[in-house]
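Here is the structure we will look at, set down as structure tokens.
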Amino acid sequence: MLAVMEQTENGYIARFERHLPHPVEQVWAMLTENDKLAQWFSELRVDALRVGGVIKFGMPDGTFLDMEILDLTPNSVLAYTWGEDRVRFELQKEHAGCRLTLIETIHQPTPHTPKDLAGWHVCLDVIGALLAGKTIESRKSEWEKVYPRYSELIDTLTQN
């Protein structure tokens, strides 16, 4: 399911939601433990898991961008900077597992925004697959399926 997008006073919000039949603690580990994080987003690494701490984003040239952790409640909330934007993961216990919500606050959409949104979409699907003991054969082909839909969504929102 595509992210739900809305315009705000300060830009846009993209809200992704997944219902996962796994305990909150297992999903939290996927977001915060480097060995598990590397399975679905190999460029990210938690350097210091605390408010004011850092998540590092590995660039292709071998350098790292530091993303500051803005909010942290174990097994519940992880939020950090994402360039000029913000990314916030929220976990909510449900009867048969948990709800994983990813909220990206987008200051100003760029030509790269639909690529990021399609990437997050696939990443969340990969988390679900990994927790279920499965793999997604081609992340690239999954990304190629949703990218045009996110491009259309951003175009529609920004033309108004």
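The values are calculated or read from the model by the stated rules, or taken from the named source; none is laboratory data. Remember, it's a predicted structure, so these values are computed and weren't measured experimentally. Reconstructed Cβ throughout: ideal geometry from the backbone, glycine too, with neighbour counts over all protein chains shown. Remember, those area values only see protein heavy atoms, side chains included, never the ligands or the DNA or RNA. Shrake-Rupley method; radii C 1.70, N 1.55, O 1.52, S 1.80 Å.
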Subject >> Gly62, sole failed condition from (1) among the small types (Gly, Ala, Ser); (2) open to solvent by 20 Å² or more (accessible area, probe 1.4 Å); (3) not in a loop (DSSP other than H, G, I, E, B) >> reply: (3)
Original post:
Restricting to the range 25-34, what's the tally of residues that are of a type outside the set (Gly, Ala, Ser), without any contact (Cβ under 8 Å) to a residue 40 or more places away in the chain and outside any loop (DSSP other than H, G, I, E, B)?
Top reply: 1
Subject >> Subset tally (residues that are open to solvent by 40 Å² or more (accessible area, probe 1.4 Å) and either under 18 Å from Lys36 (Cβ atoms) or in contact with a Ser or Thr (Cβ under 8 Å, 6 or more places away or on another chain) (or both)) for the range 106-134 >> reply: 5
Original post:
Quick check: anything in the range 35-57 modelled with pLDDT of 95 or more, among the aromatic types (Phe, Trp, Tyr), buried (at least 16 other Cβ atoms within 10 Å of the Cβ) and in a helix (DSSP H, G or I)?
Top reply: yes
Subject >> Matching residues in the range 42-82 - criterion: being of a type in the set (Phe, Trp, Tyr) and in contact with a Gly (Cβ under 7 Å, 6 or more places away or on another chain) >> reply: Phe64
Original post:
If you check every pair at least six apart or on different chains, which have Cβ atoms under 6 Å apart with a residue in the range 53-79 that is in contact (Cβ under 8 Å) with a residue 24 or more places away in the chain first and a residue that is aromatic (Phe, Trp, Tyr) and in a strand (DSSP E or B) second?
Top reply: Ile55/Tyr80; Leu78/Phe89
Original post:
On the given criteria, is Leu91 of a type in the set (A, V, I, L, M) and under 14 Å from Val4 (Cβ atoms)?
Top reply: no
Subject >> Unique residue being farther than 25 Å from Gly52 by Cα, assigned to a helix (DSSP H, G or I) and open to solvent by 70 Å² or more (accessible area, probe 1.4 Å) when the list is Glu152, Glu137, Glu142 >> reply: Glu152
